[in-house]
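Note sheet for the following structure.
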């Protein structure tokens, strides 16, 4: 935050006047954008969409004040954005010519006083990224105010902000139609030597009709009231105690066909005690209570731990922990302890590091229900890589996947598919569906808790890592986890694991800026539920080239044989990256990648090329970015070309 003293120093040069214009600046730009997509499926006609767009923008901004900048300082700007767009697809073609206008008004009142106020209004048409590649223009209108009370008028710093954001626009993959209203009050106070406490009250309302144009969109209104209390304290004779605490109360109401009320209370506290430069302990506690639709879920976690570093060759750490999970008809309590030690020995041409760890858990679980419900688990679906859900033994028929505004429900088999390996369930995005690449989604589901039982879990792990000549690493890791049933009858199997992992990594510098390297990793995990064997191999070389250029080429090969599933991995991947400064102020990068996985029930293929060129001279800037992408998943193919070019000058 900029202090009033600093602002006053900046304003010393200005004289008192009824009105004074202090600066005029602007930007002129021309852009070309191309978004082309082709989707195909065996036995059906390809679907294509092409959207080339030309844009010309002129924006002029003025800086001025009335009486004095400390009384009323004004930033006012306006400009035109001319858009010529063509659209061509299987369904037909059309073209549009639009004249859009951008506005900016920012009024800062009484900046040098203890009670400054800012009013603002802005309308702009930014380019929004809908995925890792797609983009489109939206119209965004934002207006609101900020106000503060500072010392000595107020004993604490008080701030108030209220605004509305209205966003509308549509592209190939998604449309945006959101109105967000938000009001925030914040009080904060710094005291002592580095101590601080803050209270934040936030009320927000979101009215959304956003989503994929290929699915029905249901208007959703959500209202959220959140209270945060945040405190940070350092105390002790030598300031050796550091305490961080956060308390949050949240109430959310979501209105669709039915109204859903969710109440969430969370507390987090972490105390770190620095006994000396080498010894430290921590004391951590967190709890959460979530209530919705008659379901009351409570979780608690408490951990006490310590660590000690003996020189640079040895470290020891350990902790005790306690946790409880309570839900309707389900109660699970876990008490345990862990400890680990590492020791490093140096010798003439390298070093060896030995490590060992031991843990013990006692689990006491009572269940009178066949399933436990989970709501709004957040996952992000990149490409076609499966993402594992947090809980095991998921009931597949209970899974519901929504977009984050909750205006749409995605369809299994069209937008995503479920992949089950042992007790784990994953969600895989289908490239021919309505989930865009890189989209974050919310998942509701139910899982089997396992019945009423009491069991002990012991785990031990050992590792050895040998470094030779500063460029060769040899390592071996062994883990053994065993469960012992003390009482009860599990309805899902307990999982004992014996895992062996061995590998070697080499990074060898050659002459003239060349470096070659690679890594081989072998994993054999013998477990009761989902045993597997993995082989992974990576290699690369990179070289410095003339003209401030560099090239890096890498390859990856991986196979996974899952004994309890047909969803294996047989993957090969290649990557190349070239960077250069071809002339003075220009930078160039070219990327290419290839990935193919034939191990699962759906063959996955991805090929992509990217180019980025930037050049600047004084106030002029030229940027080109292009991407060509081909994806295949089973019998579905997708091809996309993105080109973005901009020439701009600031004056």
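The values are calculated or read from the model by the stated rules, or taken from the named source; none is laboratory data. No experiment lies behind these values; they were computed from the predicted model shown. Virtual Cβ from ideal backbone geometry, glycine too; neighbours counted across all protein chains shown.
At a glance:
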| quantity | calculated |
| --- | --- |
| Which listed residue, of 259, 265, is on the phi < 0 side of the Ramachandran plot and without any contact (Cβ under 8 Å) to a residue 12 or more places away in the chain | 259 |
| Residue within the stretch 14-22 that is surrounded by 14 or more Cβ atoms within 10 Å (Cβ to Cβ) and either assigned to a strand (DSSP E or B) or in contact (Cβ under 8 Å) with a residue 24 or more places away in the chain (or both) present | yes |
| Checklist (1) closer than 24 Å to residue 189 by Cα; (2) in a strand (DSSP E or B); (3) at pLDDT below 95 applied to residue 238, failing item | (2) |
| Residue 464 being assigned to a strand (DSSP E or B), under 23 Å from residue 264 (Cα atoms) and in contact with a strand residue (DSSP E or B) (Cβ under 7 Å, 6 or more places away or on another chain) | no |
| Every residue from the stretch 624-635 that is assigned to a strand (DSSP E or B) and buried (at least 17 other Cβ atoms within 10 Å of the Cβ) | 627, 628, 629, 631, 632, 633 |
| Count of residues meeting criterion [within 30 Å of the chain's Cα centre (by Cα) and surrounded by fewer than 16 Cβ atoms within 10 Å (Cβ to Cβ)] in the stretch 562-575 | 3 |
| Members of the stretch 35-54 found to be in contact (Cβ under 8 Å) with a residue 60 or more places away in the chain, over 19 Å from residue 627 (Cα atoms) and either in a strand (DSSP E or B) or in contact with a helix residue (DSSP H, G or I) (Cβ under 7 Å, 6 or more places away or on another chain) (or both), listed by number | 40, 41 |
| Filtered residue count, the stretch 2-45, keeping only those that are within 30 Å of residue 64 (Cβ to Cβ) and at pLDDT below 85 | 14 |
| Some residue of the stretch 437-447 being at pLDDT below 95 and over 30 Å from residue 212 (Cβ atoms) | no |
| Residue ID - surrounded by the most Cβ atoms within 10 Å (Cβ to Cβ), chosen from residues in the stretch 469-485 that are within 36 Å of the chain's Cα centre (by Cα) and assigned to a loop (DSSP other than H, G, I, E, B) | 471 |
| Residues of the stretch 65-92 satisfying the condition of being part of a strand (DSSP E or B), within 30 Å of residue 48 (Cα to Cα) and in contact with a strand residue (DSSP E or B) (Cβ under 6 Å, 6 or more places away or on another chain) | 81, 82, 83, 84, 85, 86, 87, 88, 89 |
| In the stretch 599-620, the residues that are surrounded by fewer than 16 Cβ atoms within 10 Å (Cβ to Cβ), at negative phi and in a loop (DSSP other than H, G, I, E, B) | 601, 603, 619 |
| Any chance residue 254 is under 23 Å from the mean Cα position of the chain (by Cα), crowded, with 16+ Cβ neighbours inside 10 Å, in contact (Cβ under 8 Å) with a residue 24 or more places away in the chain and assigned to a strand (DSSP E or B) | no |
| Boolean, residue 500 is closer than 24 Å to residue 423 by Cβ and modelled with pLDDT of 95 or more | yes |
| Candidates 575, 552, 534 - the one that is modelled with pLDDT of 95 or more and within 30 Å of residue 498 (Cβ to Cβ) | 534 |
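Table: residues versus (1) within 26 Å of the chain's Cα centre (by Cα); (2) surrounded by 15 or more Cβ atoms within 10 Å (Cβ to Cβ); (3) modelled with pLDDT under 95.
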{"site": "270", "(1), (2), (3)": "yes, yes, no"}
{"site": "276", "(1), (2), (3)": "no, no, yes"}
{"site": "281", "(1), (2), (3)": "no, yes, no"}
{"site": "284", "(1), (2), (3)": "yes, yes, no"}
{"site": "288", "(1), (2), (3)": "yes, yes, no"}
{"site": "296", "(1), (2), (3)": "no, no, yes"}
{"site": "300", "(1), (2), (3)": "yes, yes, no"}
{"site": "311", "(1), (2), (3)": "no, no, yes"}
{"site": "317", "(1), (2), (3)": "no, yes, no"}
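Condition check ((1) touching a helix residue (DSSP H, G or I) at 6+ places or on another chain (Cβ under 6 Å); (2) surrounded by 16 or more Cβ atoms within 10 Å (Cβ to Cβ); (3) closer than 30 Å to residue 50 by Cβ) across all residues:
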site	(1), (2), (3)
155	no, no, no
158	no, yes, no
177	no, yes, yes
182	no, yes, no
198	no, yes, no
202	no, yes, no
